[in-house]
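The values are calculated or read from the model by the stated rules, or taken from the named source; none is laboratory data. Quick caveat, the model's predicted, so the values are computed rather than measured. Heads up, the Cβs are rebuilt from the backbone with ideal geometry, glycines too, and the neighbour counts pull from every protein chain shown.
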Amino acid sequence: MGKEEPYIRLWRELLEKSLGWESSDTWSEYDFEKLSEIMFSKTNARLSLSTLKRLWGKVQYNSTPTMATLNVLARVLDFEDWRAFRKKMDENNLGNERSAQEKPNSYLSYRRPLLITISVVCGVLILLVIIKIVNNSVKKTKYDTMKEVFESRVVSEQMPNSVIFNYDASGDPANEIYLQQSWDPKRTEKINKNGKQHTSIYYYPGYFNAKLVGDGQVRKTASVFIRTNGWMGIIDKSPVPVYLNTDSMNLNGGLGIKMQTFEKLKGSSVLNDSWVHFYNFRYFEGASGHDLDFEVTLRNTSGPEQSSCRKVSVEIVGTENEISIPLSDKGCIATLNLSLGSETIYGKDHDLSAFGCDFNSFQHLSCSIQNNHIKISLNNKVIYSGLIAEDIGKIVGIGIGFEGAGEIKSVKLGNRQKIIFRQFSGK
C-alpha cells in the first residue's frame with residue numbers, strides 16, 4: 001500500500017484497541033460485517049467487506065486505497081480527514097525519530113532520556129484519549145447470534161410488494177430490535193423483540209440485504225430479491241410512486257416516456273429533480289462483476305425549460321453491490337457522482353466533464369469489466385478506465401433513469417463469450 005502503509009497499520013491498531021475484540025487474526029466474515037456497520041454508523045459512508053479485508057491483509061491487493069476510502073478511515077477515529085490523521089500520527093510518533101536524529105549538544109545529551117520519556121508518555125496519553133473517544137461511540141456487546149432466526153419471503157410478483165420476515169430475537173440482550181429494509185438506514189422499522197413475524201412493504205424492485213439490528217449492531221442479514229416481469233416503469237413520487245402501464249412506456253420499438261405523459265402523471269411541466277426509472281430485475285445467468293459487457297443507447301428527451309440538467313442514471317446491479325453511471329447536459333457535470341461498487345467519484349472534486357452529453361441525439365454508453373479493470377465509453381470514446389475495488393457479484397438487475405422524459409433505443413448485456421440479454425431494435 002505504498003507510503004500509506006505505516007499510517008494504515010497505526011489506524012488498524014487504534015481501531016482494534018477501541019473495539020476491544022479478540023485478535024484480528026481470528027476475525028470471521030461476521031466480524032467484518034459488524035465492523036462495516038459500526039463504521040457506517042459513525043461516518044454515513046459504507047466500505048465493503050472486501051475493502052476491509054484488504055486493509056487487514058486478508059485479501060491480497062497491492063494498490064493504495066483511494067483517498068475517499070482513507071478519509072472514511074480517518075473519520076471513524078473522529079479526524080476530519082486522512083491528512084489530519086497523518087499529521088497527528090506524525091506529531092505523536094514520527095516527531096520523536098526526527099528529534100533523535102538531530103545532533104545533540106551536551107545539554108541535550110544530558111536531558112535526552114527524560115525528553116524521550118516525556119514524549120512517549122504524551123504520545124501514549126493522546127492515543128488513549130483517541131481510543132476512549134472511539135470506545136464511547138462503539139457498542140461492545142458480546143453476543144452469540146447463532147440462535148437468532150431471520151428469514152424473508154416475498155409474497156407477490158407485482159409492485160408494490162410485501163415481504164414477510166420471520167425472526168426470533170427473544171434471547172437477544174439488546175434493549176431494542178430494528179429491521180433495516182436495505183442499505184439505506186432511513187428505511188428502518190422498530191419491531192417487537194418478542195414477536196415472530198414482521199411485514200414490510202417495498203415500492204421498488206431490487207436486490208436488498210435486509211438486516212436485523214440490535215442496539216446498533218447487525219445480528220443477521222437476509223436477502224430480499226424483488227423481481228420484475230420484464231421492464232417496469234416507475235415515476236418517483238412520495239410517499240407512493242407512480243407505476244406506468246405498458247402503453248405509457250412503449251415507444252416505437254423502444255422504451256421510455258413521452259413528455260406529455262410525464263407532465264400529466266406528475267402534475268407539473270417543470271421536471272427538475274423529477275425522475276422516471278425503468279427496471280429489469282432477474283438473474284442474468286453468466287453475467288457478473290468480473291466478466292461483464294453492457295451497452296445501452298438512450299437520450300433524455302426533456303427540453304431545458306422542463307429539466308435544466310437533463311440527467312440520466314444507468315445502474316448495473318449485482319448481488320454484492322452496484323455500478324451507477326451518470327450522464328447530464330455538459331453544464332451540470334459538477335453535480336454528477338460515479339459509483340463503482342464501494343467507491344464513489346464525486347463531480348465536486350473530480351473532472352467528470354467527459355460524462356456531459358448533447359441530448360439532441362442518441363448517446364451510446366458502454367461498460368465492460370475484465371480482470372478487475374473497468375472501462376466506460378460514451379459514443380465509442382473511453383471516458384473512464386481503471387481498477388474496480390470489488391466484484392459486485394452476479395448481475396441481477398438493470399436500472400435506467402431520466403430526470404424528466406427519456407427514451408431507450410437498445411440494451412445489451414453479456415460477457416466476453418456471449419450476449420446474454422438483448423432487447424429493442426437499436427435502429
Practice problem: Confirm whether N415 is polar (S, T, N, Q) and within 20 Å of N321 (Cβ to Cβ). | Solution: yes
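Which ranges mark the strands (runs of 3 or more DSSP E) fully within the range 303-348 that have 2 or more residues being polar (S, T, N, Q) and in the same structural domain as H290 (by TED's automatic domain parsing)?
Working: elements: 312-318, 322-329, 337-340, 343-346.
Output list reads 322-329, 337-340.
Output the strands (runs of 3 or more DSSP E) that fall wholly within the range 215-279 and possess 3 or more residues being among the hydrophobic types (A, V, I, L, M, F, W, C), or say none.
Values: elements: 217-226, 232-235, 254-257.
In the range 215-279, the matching strands (runs of 3 or more DSSP E) lie at 217-226, 232-235.
So if I check each of I191, I257, I235, which one is in contact with a Gly (Cβ under 8 Å, 6 or more places away or on another chain) and not hydroxyl-bearing (S, T, Y)? Spell out the reasoning first.
On the way: I191 fails: in contact with a Gly (Cβ under 8 Å, 6 or more places away or on another chain); I235 fails: in contact with a Gly (Cβ under 8 Å, 6 or more places away or on another chain).
Every option except I257 fails the conditions.
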Quiz item: What single numbered condition from (1) part of a loop (DSSP other than H, G, I, E, B); (2) exposed (fewer than 14 other Cβ atoms within 10 Å of the Cβ) fails to hold for S170?
Solution: (2)
Practice problem: Please identify the pairs in which a residue from the range 383-403 that is within 26 Å of W231 (Cβ to Cβ) and not assigned by TED's automatic domain parsing to the domain that holds S366 has its Cβ atom under 8 Å from the Cβ atom of a residue that is of a type outside the set (A, V, I, L, M, F, W, C) and at pLDDT 90 or above, counting only partners at least 6 apart or on another chain. | Solution: none
Practice problem: State whether one or more residues within the range 293-308 are surrounded by 19 or more Cβ atoms within 10 Å (Cβ to Cβ), within 26 Å of S50 (Cβ to Cβ) and in contact (Cβ under 8 Å) with a residue 12 or more places away in the chain. | Solution: yes
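Being free of Cβ contacts under 8 Å to residues at least 12 places away in the same chain and within 20 Å of the chain's Cα centre (by Cα) is the requirement here; does D31 meet it? Even if it seems obvious, please write down each step before you answer.
On the way: free of Cβ contacts under 8 Å to residues at least 12 places away in the same chain: yes; within 20 Å of the chain's Cα centre (by Cα): yes.
Taking the combined requirement at face value, the residue satisfies it.
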Exercise. Could you tell me whether the range 198-205 includes any residue that is in contact with a helix residue (DSSP H, G or I) (Cβ under 6 Å, 6 or more places away or on another chain) and surrounded by 19 or more Cβ atoms within 10 Å (Cβ to Cβ)?
Key: no
Quiz item: Within the group F421, F402, which residue is within 25 Å of Y204 (Cβ to Cβ), at pLDDT 90 or above and surrounded by fewer than 18 Cβ atoms within 10 Å (Cβ to Cβ)?
Solution: F421
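Hey, among S361, S353, which residue is among the small types (G, A, S), more than 24 Å from R282 (Cα to Cα) and more than 23 Å from the chain's Cα centre (by Cα)? Before the answer, list the steps.
Working: S353 fails: more than 23 Å from the chain's Cα centre (by Cα).
Answer to the check: S361.
Would you pick out the residues in the range 331-358 that are of a type in the set (D, E, K, R) and exposed (fewer than 14 other Cβ atoms within 10 Å of the Cβ)? So that I can check it myself, show each step before the final result.
Step one: filter the range 331-358 for residues of a type in the set (D, E, K, R), giving 343, 348-349, 351, 358.
Scanning the range 331-358 gives K348, D349, D351, D358.
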Self-check item: A222 being of a type in the set (A, V, I, L, M, F, W, C), surrounded by fewer than 20 Cβ atoms within 10 Å (Cβ to Cβ) and in the same structural domain as V155 (by TED's automatic domain parsing)
Solution: yes
